[in-house]
1. What ranking of H12, H124, H33 comes out by heavy-atom accessible area, probe 1.4 Å, highest first?
2. Pairs of alpha-carbon atoms within less than 8 angstrom and 6+ residues apart define the contacts here; what relative contact order does the chain have, in percent?
3. Given the whole protein assembly as supplied and a 1.4 Å probe, what does the accessible area of D9 come to in Å², nearest 10?
4. Kindly report, to the nearest 10 Å², the accessible surface of V204 as traced by a 1.4 Å probe over protein heavy atoms only.
5. If packing is taken as the average number of other Cβ atoms within 10 Å across a peptide's residues, how do 60-69, 83-92, 250-259, 98-107 rank, most packed first?
6. Provide the descending list of Cα extents for region 1-148 along its principal axes, expressed in whole angstroms.
7. Can you work out the Karplus-derived ³J(HN,Hα) for every residue in region 73-79? Use 6.51 cos²θ - 1.76 cosθ + 1.60 with θ = phi - 60°, whole Hz, and x for glycine or proline.
8. Provide the gained length on full extension for the span Q47 to H30, in nm with one decimal, where the gain is 0.36 nm per separating residue minus the Cα-Cα distance.
Amino acid sequence: MLQVGSTVDGWHIDAIIHQGSMAVTYAVSHDEHPRAYAMKLLFLQEQSFQERLRRAGDALKGIRHPNLLPIVDVIEITGLVAVVSEFIDGTNAAGWCQKQERPLTDIIQLFRKTALGMRAAHSHGLVHRNLKPAKILVDLTDRPYIHDFMLGKVLSATDEKAVTQMGTTFGTPQYMAPEQFRGAGQVDERADVFSMGCVLFEMVTGRRAFDGTGLMEIYKQVQNGDRPAVHEVRPDCPEALEALLADMLHPDVNARLPSMRELVTRLDTDASLRSLVNPSYRTATP
């Protein structure tokens, strides 16, 4: 634990934002940077976790996208890696949806921006592997920022297997693709597509797609595609959105929507979905 009032590598520790079992997040400031920042310090001593966090931080430092949380520094503190990011004043996707009843147009617009952020991360070889509503920050202007690639996988790293061994499982079960249950080492961006499908389902319906009471029950639900039909929970859901979710949540990785690029293309070209992304399209189209 860092002491409030101390300084590390030029970063002043101003307050504790959140303390969990695996990490602590501090509010930090810097004399040379006028903005507000957050520093996340991972407690786990295992070298593989620290190496994963360092790689994810270094990769994200090189990416500037309006829907990815900007990473400004990656430092080491007594053998532990800390990642410094811009501070976002707002809530997360779950809180954003619960704050008020959101029309589908607002939900799909925010979801599309999130997909654009993930498309950018994937284009740089970075897979998240732990996407869920809590990992999508939403600022006061309703702009989403994907954050916390702590469990991420850098696909371009030649020695990734040394960091993430096949058969090791990471993530949150209710949002994990079937193949991720069997081992995180070999998953690719299609696992994030599945997780994004779980996020979209929850944003639209207000409930989780897969919500068993134990790990094995959740896995069986995920593997069998055992989830409610969206229109049964939200009758105003169009068939095109139901079909999109079915393609994103397909348990067969080879039959699933293959990429975030394809997801964004689908949102932008399917007439029914496009009318949700841009309501003026509906009125302008004969």
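1. Values: H12 50, H124 100, H33 75 Å².
Listed by decreasing accessible area, they come as H124, H33, H12.
2. On the way: 499 pairs, mean separation 40.4, N = 286.
It comes to 14 percent, rounded to a whole number.
3. About 110 Å², ignoring ligands and nucleic acids.
4. The accessible area of V204 comes to roughly 10 Å².
5. Numbers: 60-69: 17.1, 83-92: 18.6, 250-259: 15.5, 98-107: 13.6.
Result, highest mean Cβ count within 10 Å first: 83-92, 60-69, 250-259, 98-107.
6. The principal-axis extents, from largest down, are 47, 31, 31 Å.
7. Whole-Hz 3J(HN,Hα) from phi for region 73-79: 7, 10, 10, 10, 10, 6, x.
8. Numbers: separation 17, 0.36 × 17 = 6.12 nm, distance 2.81 nm.
Gain on extension, Q47 to H30, equals 3.3 nm.
The values are calculated or read from the model by the stated rules, or taken from the named source; none is laboratory data. The structure presented is a predicted model; accordingly, all values stated were derived computationally and were not measured. Here Cβ is always computed from backbone atoms with ideal geometry, including for glycine, and neighbour counts include all displayed protein chains. To get the accessible areas, we keep the full protein, side chains included, count just its heavy atoms, and leave off ligands, DNA and RNA. Shrake-Rupley method; radii C 1.70, N 1.55, O 1.52, S 1.80 Å.
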